[in-house]
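Read through the structure below, which is laid out as structure tokens, and then see the notes.
The values are calculated or read from the model by the stated rules, or taken from the named source; none is laboratory data. Keep in mind that this is a model prediction, so the values were computed, not measured. Here Cβ is always computed from backbone atoms with ideal geometry, including for glycine, and neighbour counts include all displayed protein chains.
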Amino acid sequence: MPARVALYLQDAHPIRDGMRYARAAEAAGFEAVWQAESRLVREATVPMAAFAAVTERIRVGSGVVNNWTRNPALLASTFSTLDDLAPGRIALGIGAWWDPLAARVGIDRRRPLRAMRETVESVRALLAGERVTYQGEFVHLEDVELDYVHQERRPKDVPIYIGATGMQMMALTGEIADGALLNYLVSPMYNVEAMSHLEHGASRAGRRVEDLDRPQLVVCSLHEDRRVALDAARLLVTQYLAQQPHIMKASGVGGDLLERIHEVLTWPATHEQVVAASALVPDEAVQLVCAAGTEQECKAKVAEYLATGATCAVLYPLGDVEATIGAFGGWQP
């Protein structure tokens, strides 16, 4: 049976190219395309609408919007509108954002678990067609509903995925979400710990971890020349070593490498600084947290993520997007 695979797009390509990639992914049997909103470059819901408009079957998800900058009523209204465009094909992936970016735009990410719980609970109720009063610490709604006047009132089939990375958020995801959108640039060993926390959270709600969908973003740098593939992934890994060292350490990256990187690379860093620091990152570290190399090497690594808890590989192509789609269309591990 073919593996579940999906496509992940950030901002490296023009939106019209993304529309073409979404169509190609659909034709290849991919189940979804997820659009990022991680930096102040590309907002997620506009390209999501574009992808939905030019496809018929493939699901379209946000990977991820944050729960701080959109009021829950607006968030529910936005994803309800996307569901009007592509009924039953929209997924709301939501995350807690990250610093220092959040702080620089005036967001105080205090009590992120509480804020996420309130957002998910209130948005889910609104999408279900309920009239909602919710008085929390972060969410304040008084007798609010999605006010459909010129269309049929119906519950919206929009599953909510939390883009969890830390283990406390992972447990909350297991308790309240429809699924976990697992992060990229982590190792399969990280997945094992994530699964235990998802299971713990699910048990608090009387559920099993098997009840949660668990798609995972996987950096995929595929090229017939493995050196080209590894070098492309090495730059991204180097950047992440500087930005998220705690995650890399949790994935098994050695502390000595992290120390060497931080001796030569401060953040924010220029592209030239990242390139220079990348010379310190060995192939083994790249392939620990990426599917990088030849097609066979990439498929073997993706299979590891699927074997350690992921239910769907959401491929983040660093090179030729259409070649990656072609390589994984109909793939059977």
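Just give me the residues in the stretch 194-223 being among the charged types (D, E, K, R) and either assigned by TED's automatic domain parsing to the domain that holds Ala276 or farther than 30 Å from Gly326 by Cα (or both), in sequence order.
Glu199, Arg204, Arg207, Arg208, Asp211
Of the numbered conditions (1) surrounded by 22 or more Cβ atoms within 10 Å (Cβ to Cβ); (2) in a helix (DSSP H, G or I); (3) assigned by TED's automatic domain parsing to the domain that holds Leu9, Ala164 fails exactly one; give the number of that condition.
(2)
When residues of the stretch 170-196 are filtered for being within 14 Å of the chain's Cα centre (by Cα) and either modelled with pLDDT under 95 or more than 12 Å from Leu212 (Cβ to Cβ) (or both), how many remain?
Count: 4.
How do the pairs read when you match residues in the stretch 192-203 that are in contact (Cβ under 8 Å) with a residue 40 or more places away in the chain with residues anywhere that are basic (Lys, Arg), using Cβ under 6 Å and keeping only pairs 6 or more apart or on different chains?
Qualifying pairs under 6 Å: none.
Out of Arg131, Arg154, I need the residue that is assigned by TED's automatic domain parsing to the domain that holds Asp211, farther than 15 Å from Ala115 by Cα and touching a strand residue (DSSP E or B) at 6+ places or on another chain (Cβ under 7 Å). Which one?
Going through Arg131, Arg154 in turn, just one is assigned by TED's automatic domain parsing to the domain that holds Asp211, farther than 15 Å from Ala115 by Cα and touching a strand residue (DSSP E or B) at 6+ places or on another chain (Cβ under 7 Å): Arg131.
Quick one: how many residues across the stretch 118-131 are touching a residue at least 24 places away in the same chain (Cβ under 8 Å) and surrounded by fewer than 21 Cβ atoms within 10 Å (Cβ to Cβ)?
3
Based on this model, can you work out whether Arg57 counts as over 19 Å from Arg124 (Cα atoms), charged (D, E, K, R), assigned to a loop (DSSP other than H, G, I, E, B) and at pLDDT 95 or above? Walk me through it before giving the result.
Details: over 19 Å from Arg124 (Cα atoms): yes; charged (D, E, K, R): yes; assigned to a loop (DSSP other than H, G, I, E, B): yes; at pLDDT 95 or above: yes.
Yes.
When both residues are 6+ apart or on different chains and their Cβ atoms are under 8 Å apart, which pairs have a first residue that lies in the stretch 234-248 and is under 18 Å from Trp97 (Cα atoms), and a second that is acidic (Asp, Glu)?
Close Cβ pairs (under 8 Å, with a partner that is acidic (Asp, Glu)) do not exist here.
Can you find even one residue in the stretch 203-216 that is among the polar types (S, T, N, Q), touching a helix residue (DSSP H, G or I) at 6+ places or on another chain (Cβ under 7 Å), crowded, with 17+ Cβ neighbours inside 10 Å and within 23 Å of Ala6 (Cβ to Cβ)?
Yes, some residue in the stretch 203-216 is among the polar types (S, T, N, Q), touching a helix residue (DSSP H, G or I) at 6+ places or on another chain (Cβ under 7 Å), crowded, with 17+ Cβ neighbours inside 10 Å and within 23 Å of Ala6 (Cβ to Cβ).
Among the residues of the stretch 100-117, write down those that are without any contact (Cβ under 8 Å) to a residue 40 or more places away in the chain and surrounded by 15 or more Cβ atoms within 10 Å (Cβ to Cβ).
Scanning the stretch 100-117 gives a single hit, Ala102.
Take the residues in the stretch 71-96 that are more than 18 Å from the chain's Cα centre (by Cα) and closer than 15 Å to Glu121 by Cα; name whichever of them is surrounded by the most Cβ atoms within 10 Å (Cβ to Cβ). Lay out the reasoning, then the answer.
Of all residues in the stretch 71-96, those more than 18 Å from the chain's Cα centre (by Cα) come to 71-74, 76-78, 80-88.
Still in the list and also closer than 15 Å to Glu121 by Cα: 71-74, 76-77.
Working: Asn71: 15, Pro72: 25, Ala73: 18, Leu74: 11, Ala76: 27, Ser77: 17.
Here the residue is Ala76.
With respect to the numbered conditions (1) crowded, with 22+ Cβ neighbours inside 10 Å; (2) closer than 26 Å to Asp320 by Cβ; (3) touching a Gly at 6+ places or on another chain (Cβ under 6 Å), which one is the sole condition not fulfilled by Arg226?
It is condition (1) that Arg226 fails.
In the stretch 239-292, which residues are assigned to a loop (DSSP other than H, G, I, E, B) and either surrounded by fewer than 18 Cβ atoms within 10 Å (Cβ to Cβ) or polar (S, T, N, Q) (or both)?
The answer is Gln244, Ser251, Gly252, Gly254, Thr266, Trp267, Pro268, Ala269, Thr270, Ala279, Leu280, Pro282.
Go through the residues of the stretch 143-161 one by one and say whether even a single one is surrounded by fewer than 22 Cβ atoms within 10 Å (Cβ to Cβ) and farther than 20 Å from Thr78 by Cα.
The answer is no, given that none of the residues of the stretch 143-161 is surrounded by fewer than 22 Cβ atoms within 10 Å (Cβ to Cβ) and farther than 20 Å from Thr78 by Cα.
Report, by residue number, each residue of the stretch 87-99 that is touching a strand residue (DSSP E or B) at 6+ places or on another chain (Cβ under 6 Å) and without any contact (Cβ under 8 Å) to a residue 40 or more places away in the chain.
Passing the criteria: Arg89, Trp97.
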